[in-house]
Structures are given as structure tokens and as C-alpha cells.
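Here the structure comes first, spelled out in C-alpha cells, and everything after it is commentary.
The values are calculated or read from the model by the stated rules, or taken from the named source; none is laboratory data. Source: prediction; values computed, not measured. Glycine also receives a Cβ, built like all others from the backbone with ideal geometry; neighbour counts cover every protein chain displayed.
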Ligand SMILES: NC(=O)c1ccc[n+]([C@@H]2O[C@H](COP(=O)([O-])OP(=O)(O)OC[C@H]3O[C@@H](n4cnc5c(N)ncnc54)[C@H](OP(=O)(O)O)[C@@H]3O)[C@@H](O)[C@H]2O)c1
């Protein structure tokens, strides 16, 4: 496992996404991932699976302090008191005393951002979260978050078919991480001839090439979701090979603005 060290945090660079994992399938997936060696789990209030994620964590027997656990606050809970109460509810559902990272899930123009950020930092100061950050924040919104206090990451869609140059430059300038969600483009990378050809040179598959390309970018963390034990194992098996500069350039060259999670009201370049 590669770890990122920023702002006093140590973050395993590969985590397990849990969107759309529900009920016992979710608990089993989390338990299995931890048994395989994953030490970073991503959930959200909006995934309706926090209690199942917590159950998987407990069932795995892996000590709580060895797992980097992220949850995200629903935009409808962005008013000050509501954010704090909903975070308490998340901790209760997860069965933990704190999360390692608490994110604002998606900008909510109906609540003043500074009010929400104040509450988010209060949650951190009260010990509910070790670190805080944002998700789906454009460059200008990210700068407002940084002005309000330490921001560990902006979790955004990032895979070979969607570049994130502006946010990566901000991450470098302000010492934060970019967390890549949908890192294998929900399976779309599997058919890509360039990723397949590069993979063949290393005895790896296209999803592994996409993940390795992300992990070779020093500011990036990736959280592929996999319910299947085989896919979980495949995605973790990316630490024994390296893409050379030319291969890295070829994968960067696949960017074509393909966004799988969108909101027409958001200007992503802003
Ligand atoms: N902040 C946000 O707004 C936001 C938005 C979207 C996602 N996320 C987070 O990011 C995580 C990952 O993104 P995602 O779930 O959208 O997409 P993803 O991780 O790119 O793709 C997940 C899909 O790919 C399949 N898969 C995984 N590994 C594979 C492999 N090695 N070979 C073939 N297929 C494979 C999975 O199948 P199986 O499950 O059947 O194994 C699943 O159908 C989410 O779960 C969530 O935690 C955050």
C-alpha cells in the first residue's frame, strides 16, 4: 500500500468505495476488503449504508485505529446545527467515536457556504472528525473552503477519460489531496484499447492500469467500489508494477471530458 502524508494525516492511497452497496452485501464487502488488506473505506450519509459499513468494520476484527474511515454530509444538512446533529447520527450509525475524514458531499447553493464550513470545522474541533474536506467542489469553491480552514481533500470524479488539471494544480499549491471517485469509470476503462495494451506489457488488466496511473500521481487517492471479492483483489493488486513516463503520458492522453456524475448547474471549470 502507498500512503499519502499531508496536513498531518496518513491516508492509504487506495480505498474501497461503497456507493450502491446496501444491507448484508455491504457488510460482507467491507469485511472482506479489510481482510484482504484495504485500510480505507469511503461512505456517505446519502449511501444509506453507514450502519452496514460500521458492522463490516467490527466484524473484520481490524482495530478501528488502523482504518481510515470517511463519511460525507448530505447537502440538505448544511445548516450549522443540522450539520452537527447529522454528523452525530452518522457516528452513531457507524458505531465509531470519530471519522477520519468528514466531507461536504456536494455544494448546496441554498445555504451560505461559510456557515456550512464553520460547522464542518466545529465538528473537527469537537473531535467528531480528525480531518475535513469537500467533494464535487469546483476550483473557486475549493479556494473558499481553503480560506475557511484546513481542507484535506476535494473528492471528485477522476479517471483516464476525465482530466482534473486545475484541481490537481490547486492540490499541489495548497498541500491537499484529490480523491478520485469512479476511478475506473464504472467499468468503462475495461474496453479501452490503450489501457489494455499497456496492461498486457505488465501482465495487468485495464482497471489496474487506470488505478496505477492515478496512484502514480503524488496528490491522488483512489476509491474504486467493488462488491465482488475478485474485483476487490484485482484493484488491490497494483503495487508491484510501475508505468513509465511514456505510458503515463499515453493514459493522460485519453482524457475526453467524459463525466459520469454531473449537474448541469455546475460549471466545473469555475
Ligand atoms: N463524492 C461523490 O459524489 C461520489 C460520486 C460517485 C462515487 N463516489 C465514491 O467513489 C466510489 C467509486 O466510484 P463508483 O462506484 O462510481 O465507480 P467505480 O469504482 O469506477 O466502478 C465501480 C464498478 O466497477 C466494477 N468493478 C470494480 N472493480 C472492477 C474490476 N477490477 N474489473 C471490472 N469491474 C470492476 C464494480 O463491480 P462490483 O461492485 O460488482 O465488483 C462496480 O460495478 C463510490 O463507491 C463512492 O464511494 C463518490
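Which one of 83, 162 is within 19 Å of the chain's Cα centre (by Cα), on the phi < 0 side of the Ramachandran plot and in contact (Cβ under 8 Å) with a residue 24 or more places away in the chain? Explain how you work it out, then say what you get.
Numbers: 83 fails: within 19 Å of the chain's Cα centre (by Cα).
Going through 83, 162 in turn, just one is within 19 Å of the chain's Cα centre (by Cα), on the phi < 0 side of the Ramachandran plot and in contact (Cβ under 8 Å) with a residue 24 or more places away in the chain: 162.
Within the group 88, 50, which residue is at pLDDT 95 or above, within 18 Å of residue 128 (Cα to Cα) and more than 15 Å from the ligand (Cβ to nearest atom)? Steps first, answer last, please.
Numbers: 50 fails: more than 15 Å from the ligand (Cβ to nearest atom).
Just a single option satisfies the conditions, and that option is 88.
On the basis of being surrounded by 15 or more Cβ atoms within 10 Å (Cβ to Cβ), over 19 Å from residue 13 (Cβ atoms) and in contact (Cβ under 8 Å) with a residue 12 or more places away in the chain, does residue 207 make the cut?
Working: surrounded by 15 or more Cβ atoms within 10 Å (Cβ to Cβ): yes; over 19 Å from residue 13 (Cβ atoms): no; in contact (Cβ under 8 Å) with a residue 12 or more places away in the chain: yes.
The answer is no for residue 207.
Which residues, taken from the range 172-191, are within 16 Å of the ligand (Cβ to nearest atom) and either surrounded by 20 or more Cβ atoms within 10 Å (Cβ to Cβ) or within 19 Å of residue 13 (Cβ to Cβ) (or both)? Please lay out each step first, then the result.
Taking the range 172-191 first, the residues within 16 Å of the ligand (Cβ to nearest atom) are 176-191.
Once the filter is applied, which keeps residues that are within 16 Å of the ligand (Cβ to nearest atom) and either surrounded by 20 or more Cβ atoms within 10 Å (Cβ to Cβ) or within 19 Å of residue 13 (Cβ to Cβ) (or both), the range 172-191 yields 176, 177, 178, 179, 180, 181, 182, 183, 184, 185, 189.
Look through 214, 243 and report the one residue that is surrounded by 14 or more Cβ atoms within 10 Å (Cβ to Cβ), at pLDDT 95 or above and in a helix (DSSP H, G or I). Working first, answer last.
Details: 243 fails: in a helix (DSSP H, G or I).
The match here is 214.
May I ask you to list the residues in the range 209-235 that are near the ligand (Cβ under 7 Å from one of its atoms) and under 28 Å from residue 175 (Cα atoms)?
Result: 223, 224, 225, 235.
Examine the range 68-78 for a residue that is surrounded by fewer than 21 Cβ atoms within 10 Å (Cβ to Cβ) and either free of Cβ contacts under 8 Å to residues at least 12 places away in the same chain or more than 15 Å from the ligand (Cβ to nearest atom) (or both), and state whether such a residue exists. Lay out the reasoning, then the answer.
Taking the range 68-78 as the starting set, the residues that turn out to be surrounded by fewer than 21 Cβ atoms within 10 Å (Cβ to Cβ) are 74-76.
Add one more test, that the residue is either free of Cβ contacts under 8 Å to residues at least 12 places away in the same chain or more than 15 Å from the ligand (Cβ to nearest atom) (or both), and what stays is none.
No, the range 68-78 contains no residue that is surrounded by fewer than 21 Cβ atoms within 10 Å (Cβ to Cβ) and either free of Cβ contacts under 8 Å to residues at least 12 places away in the same chain or more than 15 Å from the ligand (Cβ to nearest atom) (or both).
Please determine, by comparing only the residues of the range 246-257 that are part of a helix (DSSP H, G or I) and touching a residue at least 24 places away in the same chain (Cβ under 8 Å), which one is farthest from residue 161 (Cα to Cα). Let's see the steps before the verdict.
Initially, the range 246-257 is screened for residues part of a helix (DSSP H, G or I), giving 246-252.
After this cut, where a residue has to be touching a residue at least 24 places away in the same chain (Cβ under 8 Å) as well, the list is 247-248, 250-252.
Working: 247: 15, 248: 13, 250: 12, 251: 9, 252: 8 Å.
My answer is 247.
The rows are residues; the columns are (1) at pLDDT 95 or above; (2) within 11 Å of the ligand (Cβ to nearest atom); (3) touching a helix residue (DSSP H, G or I) at 6+ places or on another chain (Cβ under 7 Å); (4) more than 25 Å from residue 174 (Cα to Cα).
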| site | (1), (2), (3), (4) |
| --- | --- |
| 8 | no, no, no, no |
| 20 | yes, yes, no, yes |
| 23 | yes, no, yes, yes |
| 58 | yes, no, no, yes |
| 114 | yes, no, yes, no |
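Does residue 146 satisfy the condition of being farther than 15 Å from residue 43 by Cβ, modelled with pLDDT of 95 or more, crowded, with 22+ Cβ neighbours inside 10 Å and touching a helix residue (DSSP H, G or I) at 6+ places or on another chain (Cβ under 6 Å)? I'd like the intermediate steps shown before the answer.
Details: farther than 15 Å from residue 43 by Cβ: yes; modelled with pLDDT of 95 or more: yes; crowded, with 22+ Cβ neighbours inside 10 Å: no; touching a helix residue (DSSP H, G or I) at 6+ places or on another chain (Cβ under 6 Å): yes.
So residue 146 does not fit the description; no.
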